[in-house]
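K.L.:
The structure's right below; bear with me while I get my questions together.
The values are calculated or read from the model by the stated rules, or taken from the named source; none is laboratory data. This is a predicted model, so every value here is computed, not measured. Reconstructed Cβ throughout: ideal geometry from the backbone, glycine too, with neighbour counts over all protein chains shown.
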Amino acid sequence: MNPVDAILENACSGAKGSLFILSAPSGAGKTTLCQAICRHFPDMLYSISHTTRPPRCGETQGTDYHFITRDEFIHQIESGEWAEWAEVHGNYYGTSASFLTHGIEAGKDILLDIDVQGMIKILRHYPSSITVFIQPPSLETLRERLESRGADKPDVIKTRMINATKEMAEAHRYRHIIVNNDLELATRELILLINSYRQNRPLTNNS
């Protein structure tokens, strides 16, 4: 039995689940925040992207990505199986529409980590999604974080900063903006926000 069928079999009839979308510039702490949310809400599903790129060292099938062939991906484009997809540096990345739809219909909340353009595409199919933009306190702080990681060369950091400027200019598209100046505080704020929706007590937009 695949994961989606298992969800449907075990689900009780009632309220539908919610889709929580998180976006952020690289280095803003989104991955760490997503991990914290998954730990705090263990019943929440996490949407794992599909990609045609080869696995990198340490990556695991079904945990980091669902790795599929280019032919498989293109076939699923043609059959309309992606909620959103994009081609990046010659590789395809996509989000399964059936996973999102079946999970939501089964009453499961889903966490989706995706970029701004992906969020815009997702909202066309799931307009009631709760969108959250994780923002660094400033571009300078973001640059310092990227440099301190020691993972990228200067030209890569320059590209990430250019992209971050564009992404932060789109933050107004999101229902909520959380400034990650302190990771612990940002985590608490995000947990409170998600919990308010799960208890059907939504907070004010752009909180």
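K.L.:
Name the residues in the range 106-121 that are in a helix (DSSP H, G or I) and either free of Cβ contacts under 8 Å to residues at least 24 places away in the same chain or under 22 Å from I191 (Cα atoms) (or both), would you?
P.N.:
Result: V116, M119.
K.L.:
Tally time: how many residues in the range 39-48 are in contact with a Phe, Trp or Tyr (Cβ under 7 Å, 6 or more places away or on another chain) and either in contact (Cβ under 8 Å) with a residue 60 or more places away in the chain or farther than 15 Å from S98 by Cα (or both)?
P.N.:
1
K.L.:
Another question, if that's okay. When you check T95 against the structure, is it surrounded by fewer than 16 Cβ atoms within 10 Å (Cβ to Cβ), of a type outside the set (G, A, S) and at pLDDT 95 or above, yes or no?
P.N.:
Answer is no for this residue.
K.L.:
Something else: Based on this model, can you work out whether E144 counts as in a strand (DSSP E or B), modelled with pLDDT under 95 and out of contact with any strand residue (DSSP E or B) (no Cβ under 6 Å at 6 or more places or on another chain)?
P.N.:
no
K.L.:
Please go through the range 39-84 and pick out each residue that is in a strand (DSSP E or B) and of a type outside the set (A, V, I, L, M, F, W, C).
P.N.:
Matches in the range 39-84: Y46, H50, T51, Q61, Y65, H66, E84.
K.L.:
Take the residues in the range 162-182 that are without any contact (Cβ under 8 Å) to a residue 40 or more places away in the chain and not in a helix (DSSP H, G or I), then tell me which one is farthest from K30 (Cα to Cα).
P.N.:
A169
K.L.:
Output the residues belonging to the range 131-141 that are outside any strand (DSSP E or B), within 22 Å of the chain's Cα centre (by Cα) and either surrounded by 15 or more Cβ atoms within 10 Å (Cβ to Cβ) or free of Cβ contacts under 8 Å to residues at least 40 places away in the same chain (or both).
P.N.:
Hits for the range 131-141 are P136, S138, L139.
K.L.:
Under 23 Å from L146 (Cα atoms), among the polar types (S, T, N, Q) and out of contact with any His (no Cβ under 9 Å at 6 or more places or on another chain) - does that describe any residue in the range 58-77?
P.N.:
no
Table: residues versus (1) surrounded by fewer than 18 Cβ atoms within 10 Å (Cβ to Cβ); (2) over 20 Å from the mean Cα position of the chain (by Cα).
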{"position": "L112", "(1), (2)": "no, no"}
{"position": "V116", "(1), (2)": "no, no"}
{"position": "M119", "(1), (2)": "no, no"}
{"position": "R124", "(1), (2)": "yes, no"}
{"position": "S129", "(1), (2)": "no, no"}
{"position": "A151", "(1), (2)": "yes, yes"}
{"position": "V156", "(1), (2)": "yes, yes"}
{"position": "E167", "(1), (2)": "no, no"}
{"position": "T187", "(1), (2)": "no, no"}
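K.L.:
Are there any pairs, at least 6 apart or on different chains, whose C-beta atoms fall under 9 Å, with the first in the range 90-105 and on the phi > 0 side of the Ramachandran plot and the second among the charged types (D, E, K, R), and if so, which?
P.N.:
As it stands, the answer is G90/R53, since those pairs meet every condition given.
K.L.:
Given the conditions (1) out of contact with any Phe, Trp or Tyr (no Cβ under 7 Å at 6 or more places or on another chain); (2) in a helix (DSSP H, G or I); (3) without any contact (Cβ under 8 Å) to a residue 40 or more places away in the chain, which single one is not true for E87?
P.N.:
(2)
K.L.:
Then there is this: Just for the range 78-91: of the residues that are closer than 17 Å to Y65 by Cβ and either in contact with an Asp or Glu (Cβ under 6 Å, 6 or more places away or on another chain) or at pLDDT 95 or above (or both), which one is surrounded by the fewest Cβ atoms within 10 Å (Cβ to Cβ)?
P.N.:
Selected residue: E81.
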